[in-house]
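Colleague: My questions will all concern the structure given below.
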Amino acid sequence: MAGQPIDLAMGYLNALWQGDANAMALASLGRTASPPLVVNLAGSEVLSVRRVGEEFGRLLGRPPIFRGSEQADALLSNGQLGYRLFGHPRVLAEQMIEWIADWIGRGRETLGKPTHFEVRDGQF
């Protein structure tokens with residue numbers, strides 16, 4: 001929500017553009033099996049929550065409010081198998097951030113669904 005502090009405990013994340021996630025998920029249908037092949041779909045970049053917050057603040061003209069500090073570990077996904085099977089993501093974080101900031105800056109509708117990026121126990 002706007003004006004809410006950004007929790008820094010989960011100091012790092014990887015994010016994947018929904019279009020790339022959808023393309024990889026559809027491509028994975030050709031690899032269905034029993035037992036299933038497990039493939040993590042994840043962004044290829046490890047992003048700093050602080051730096052992402054600062055970039056959104058810069059683009060939206062509002063300084064971010066941070067709470068806490070980065071912990072020594074983070075829950076990240078390894079998407080290497082997915083990249084080998086389905087290719088690398090086409091949209092990188094810098095472009096996603098610009099698109100999202102533009103969308104929000106124009107007051108466009110959002111789904112209002114939290115990402116839970118700050119959750120450290122894996123329980124979403």
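The values are calculated or read from the model by the stated rules, or taken from the named source; none is laboratory data. On a predicted model such as this, the values are computed, not experimentally measured, just so you know. Cβ: placed from backbone, ideal geometry, glycine included. Neighbour counts: every protein chain shown. Accessible surface areas use protein heavy atoms only, side chains included; no ligands, DNA or RNA. Shrake-Rupley method; radii C 1.70, N 1.55, O 1.52, S 1.80 Å.
Colleague: Leaving out ligands, DNA and RNA, what percent of the accessible area of the chain is carbon and sulfur, probe 1.4 Å?
Modeller: C and S fraction of accessible area: 53 percent.
Colleague: Between Gln18 and Leu75, what FRET efficiency comes out of the Förster formula 1/(1 + (r/R0)^6) with R0 = 22 Å and r the beta carbon distance, rounded to 0.05?
Modeller: It comes to 0.65.
Colleague: Between the stretch 68-86 and the stretch 6-37, how far is it from one alpha carbon centroid to the other, in angstrom?
Modeller: For the stretch 68-86 versus the stretch 6-37, the Cα centre distance is 11 Å.
Colleague: Right, something else. At 7 Å along the Cα-to-beta-carbon direction for both Ile65 and Arg106, put a label point, then send me their distance in nm to one decimal.
Modeller: The two pseudo-label positions are separated by 2.8 nm.
Colleague: Under the Karplus relation 6.51 cos²θ - 1.76 cosθ + 1.60, θ = phi - 60°, what is the ordered set of whole-Hz ³J(HN,Hα) values for the stretch 62-76, x standing for Gly and Pro?
Modeller: 9, x, x, 10, 9, 10, x, 9, 5, 7, 6, 10, 8, 8, 10
Colleague: Rounded, prolate or oblate: which one fits the chain, using the alpha carbon gyration tensor with axes a ≥ b ≥ c (rounded when a/c is under 1.5, else prolate when a/b beats b/c, else oblate)?
Modeller: prolate
Colleague: Can you order the peptides 14-20, 104-110 by their average number of other Cβ atoms within 10 Å per residue, highest first?
Modeller: 14-20, 104-110
Colleague: I need the shape label for the stretch 1-52. Rule: rounded when a/c is under 1.5, else prolate if a/b > b/c, else oblate, with a, b, c from the alpha carbon gyration tensor.
Modeller: It comes out prolate by the Cα gyration axes.
Colleague: I've got another one for you. Express the accessible area of the chain per residue in Å², computed with a 1.4 Å probe while the remaining protein chains stay in the model.
Modeller: 71
Colleague: To the nearest 20 debye, what charge dipole does the chain have about its Cα centre, counting +1 at the Cβ of each Lys and Arg and -1 at the Cβ of each Asp and Glu?
Modeller: 200
Colleague: Within 10 Å, count the other beta carbons around each residue, average over each peptide in 73-82, 49-58, and list them highest first.
Modeller: For the peptides 73-82, 49-58, the packing ranking is 49-58, 73-82.
Colleague: Collect residues whose amide H, placed 1.01 Å from N in the peptide plane, falls under 5 Å from the amide H of Tyr12; neighbours closer than 5 in sequence don't count.
Modeller: The answer is Val49.
Colleague: Here's another thing I want to ask about it. Using per-residue counts of other Cβ atoms within 10 Å, averaged over each peptide, order 111-119, 59-67 from highest down.
Modeller: 59-67, 111-119
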